[in-house]
Amino acid sequence: MELYSGHINRLIEELSALPGIGGKSAQRLAFYLINLPKDRVKRLADSIVDARENVHYCEVCCTLTDEDICPICSNQNRDHHTIMVVENARDLAAYEKTGKYEGVYHVLHGAISPMLGIGPGDIRLTELMKRLQNEDVDEVIIATNSSLEGETTAMYISKLVKPTGIKVTRIASGVPVGGDLEYIDEVTLLRALEGRTEL
Ligand code: ZN
């Protein structure tokens, strides 16, 4: 005999397939959701479907956006000669929150990880190299995480970019090893950016 109704089981199953949500959390969330007013549940469900349908990659920097070109790339007041390369849109958001970085970004959507079978072809590197060919870029700031994957990716990008003659820098390692950029406070982020060194 099943412990819960089929509908609840299905909900628990879907929730527990999400990252960071274990079986217990999935159960807790499922019971929370079925006790919410119906209109709130509908709003939540609609927001998930809407986001999935309407959010896509920026044609220039590959971050997630509702437009063809994201607000940062289309902002003429930004310094389009400086590109900061980050692993994901959350890292971009972390740097944006400091309000002190005036350049633009490139979002890789991952990092090279031989252990997980993620190679250079699996992240948005081709798009980056195309930008460097077609745009007038003075500096590429590599702001991947200081994890093994982040460092591997930084090395790889530096080797790709150097022959183009464009300056390549790496943010300082004031960022704790293995630290996820998004969890690091703004002061540390800025210090890492200001202390960047040429590769
Ligand atoms: Zn963009």
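The values are calculated or read from the model by the stated rules, or taken from the named source; none is laboratory data. Quantities reported herein were computed from a predicted structural model and do not represent experimental measurements. When we count neighbours, we look across all protein chains shown, and the Cβ atoms used for this are built from the backbone with ideal geometry, even at glycine.
Residue-by-condition table, conditions (1) surrounded by 11 or more Cβ atoms within 10 Å (Cβ to Cβ); (2) outside the structural domain of C70 (by TED's automatic domain parsing); (3) in contact with an Asp or Glu (Cβ under 7 Å, 6 or more places away or on another chain); (4) closer than 23 Å to D66 by Cα:
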site	(1), (2), (3), (4)
L11	yes, yes, no, no
L15	yes, yes, no, no
A30	yes, yes, no, no
N35	no, yes, no, no
A45	yes, yes, no, yes
I48	no, yes, no, yes
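Within the stretch 124-146, how many residues turn out to be away from the ligand (no atom under 16 Å from the Cβ), under 16 Å from V161 (Cβ atoms) and assigned to a loop (DSSP other than H, G, I, E, B)?
Going through the stretch 124-146 one residue at a time, the tally reaches 3.
Under 8 Å between Cβ atoms, which residue pairs at least 6 apart in sequence (or on different chains) link something in the stretch 149-166 that is in the same structural domain as H109 (by TED's automatic domain parsing) and closer than 14 Å to I123 by Cβ with a partner that is among the hydroxyl-bearing types (S, T, Y) and outside any loop (DSSP other than H, G, I, E, B)?
E149/S113; T152/S113
Surrounded by 12 or more Cβ atoms within 10 Å (Cβ to Cβ), among the hydroxyl-bearing types (S, T, Y) and over 24 Å from T188 (Cα atoms) - does that describe any residue in the stretch 89-103?
For the stretch 89-103, residues surrounded by 12 or more Cβ atoms within 10 Å (Cβ to Cβ), among the hydroxyl-bearing types (S, T, Y) and over 24 Å from T188 (Cα atoms): absent.
Please tell me if E135 is under 15 Å from I83 (Cα atoms) and surrounded by fewer than 14 Cβ atoms within 10 Å (Cβ to Cβ).
yes
Do any helices (runs of 4 or more DSSP H) lying entirely in the stretch 1-116 carry at least 1 residues that are more than 20 Å from the chain's Cα centre (by Cα) and away from the ligand (no atom under 16 Å from the Cβ), and which ones are they?
Where helices (runs of 4 or more DSSP H) fall fully within the stretch 1-116 and carry at least 1 residues being more than 20 Å from the chain's Cα centre (by Cα) and away from the ligand (no atom under 16 Å from the Cβ), they are 6-16, 23-34, 38-54.
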